[in-house]
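The values are calculated or read from the model by the stated rules, or taken from the named source; none is laboratory data. Because the structure is predicted, anything quoted here is derived from the model rather than measured. Here the Cβ positions follow ideal geometry from the backbone for every residue, glycine too, while neighbour counts run over all protein chains shown. Accessible surface is based on the protein model in full, side chains and every heavy atom, while ligands, DNA and RNA are left aside. Shrake-Rupley method; radii C 1.70, N 1.55, O 1.52, S 1.80 Å.
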2 protein chains.
Amino acid sequence: MPRFLVVGHRATTSSTFRLDDLTGTGGRLDVLVRCITSALLVSHGARRDSVLTLLLLGPPAAPRAVRFDGARIQRLNPDERSTAALVKRALETPLTAHVWQPASPGIDIAKRNLARVLDEEATGRAVILLDEAGDDARAVELPADALYVLGDHEGLTEEERAELDRRGARRVRLGPLSLQADQAIVVLHNELDRQREKR
Amino acid sequence: MPRFLVVGHRATTSSTFRLDDLTGTGGRLDVLVRCITSALLVSHGARRDSVLTLLLLGPPAAPRAVRFDGARIQRLNPDERSTAALVKRALETPLTAHVWQPASPGIDIAKRNLARVLDEEATGRAVILLDEAGDDARAVELPADALYVLGDHEGLTEEERAELDRRGARRVRLGPLSLQADQAIVVLHNELDRQREKR
């Protein structure tokens, strides 16, 4: 089961963002919302074996992690607005201590920074960082159960890369051009689908 | 320069659709809007060599064709809402006879049915139909200047397939799973990018 982690540096951690202004009041939440649908949907259905975690690092309550589990998710549609409404609902969920709280079916939220998310998501799994300077994805045997890590439109910071390096992250590239995060997930899924078909 | 054509069977041909209800009042215009950004945007920029035509076949004024030219387009952002606003503006453009009318920079609109769009877009170009029963895209030399044709969430009708067959359309598949139209464009672009890099 592939897992994805996308870091949103400016993404809002308040539920008060406006669904008709995801780019502004949402702190480019539109980028992350498209990652949800890219990771979990194909034509007419969900990818039941995918899990996506969004790390929201914008004001006012950073950090927050929201996890979307393809096996359990319901009512996920491909459009941005209704998907952003699921994030809004997650951000409305009261949090106590550092426990994952269920927000809606298949969606959980917690107070988590990158190190803590990696402790949970990366333990016992290969960590693969999508990076234009990496090895060609088509020439690498991609572990089906790895954690694939992507930055938002701003990429990842040096500190974040160092945190990933401490966990032995391997860098993999998807092609000649730099893609948006949601596009990268689509291409990566296609490669995983093909490698799975060949096995 | 690759060209893309996406057929939206229920997509509205009225500018009165609501930007906060693209799925309902827009007749699943959300599907087509995501195709615009998949075809024309990469990270931090436009694909200047791509052209996308949307064929809108929903009420009340079908058919309409809207063309997005990556070389000339301005102010295209990756979020659905602002991209849908460009389609709305195109649909507000008064049309006379069968002439393409400029709606905004890089966006033109005309009264066109599939046959007429193909007369213009497919003449002198290979026509490639994205189809799960086709040849593997990675095993085919994809012409850089072909017209790539995709259906919306409902696929293409028998009549539309026959129209494409009359123009010698070749069927090509992208992978083991059936993808959403915008996802298919992303995977196709990646393959075109890679084949171009190798040449």
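Looking at chain A, send over the antiparallel percent of its DSSP beta bridges, to the nearest 5. Don't skip to the end; give the middle numbers.
Numbers: 16 of 35 bridges.
Antiparallel bridges make up about 45 percent of those DSSP assigns within chain A.
Lys and Arg at +1, Asp and Glu at -1: add these up for the other residues within a Cβ distance under 9 Å of B:Pro63 and post the number. Don't skip to the end; give the middle numbers.
Details: positive: B:Arg64, B:Lys111, B:Arg112, B:Arg116; negative: none.
The answer is +4.
Inter-copy label distances for B:Arg171: 4.2 nm (label point placed 7 Å from Cα along Cα→Cβ; shortest first).
Amide H to amide H distances under 5 Å link A:Leu5 with A:Thr53, A:Tyr148, A:Val149, A:Leu150, where only residues 5 or more positions off or on other chains count and H is placed in the peptide plane.
Accessible area per residue for the range B:97-199 in Å², computed with a 1.4 Å probe and the full protein assembly in place, what is it?
Working: 4470 Å² over 103 residues.
Solvent-accessible surface per residue comes out at 43 Å².
Taking the 1.4 Å solvent-accessible surface of the range B:107-163 as the whole, the part contributed by carbon and sulfur is 44%. Each chain gives up part of its surface: B and A jointly bury about 3100 Å² of accessible area, both sides summed, for a 1.4 Å probe. Distances between equivalent label points of B:Gly45 across the copies, with each point positioned 7 Å along Cα→Cβ, amount to 3.9 nm, shortest listed first. Rolling a 1.4 Å probe over the protein heavy atoms gives the range B:27-77 an accessible area of 32 Å² per residue. Cross-link partners of B:Lys111 among lysines, defined as those whose alpha carbon lies under 18 angstrom from its own and excluding same-chain residues fewer than eight positions apart: B:Lys88. Near B:Leu41, the amide H atoms lying under 5 Å from its own belong to B:Arg47; only residues 5 or more places off or on other chains count, and H is placed 1.01 Å from N.
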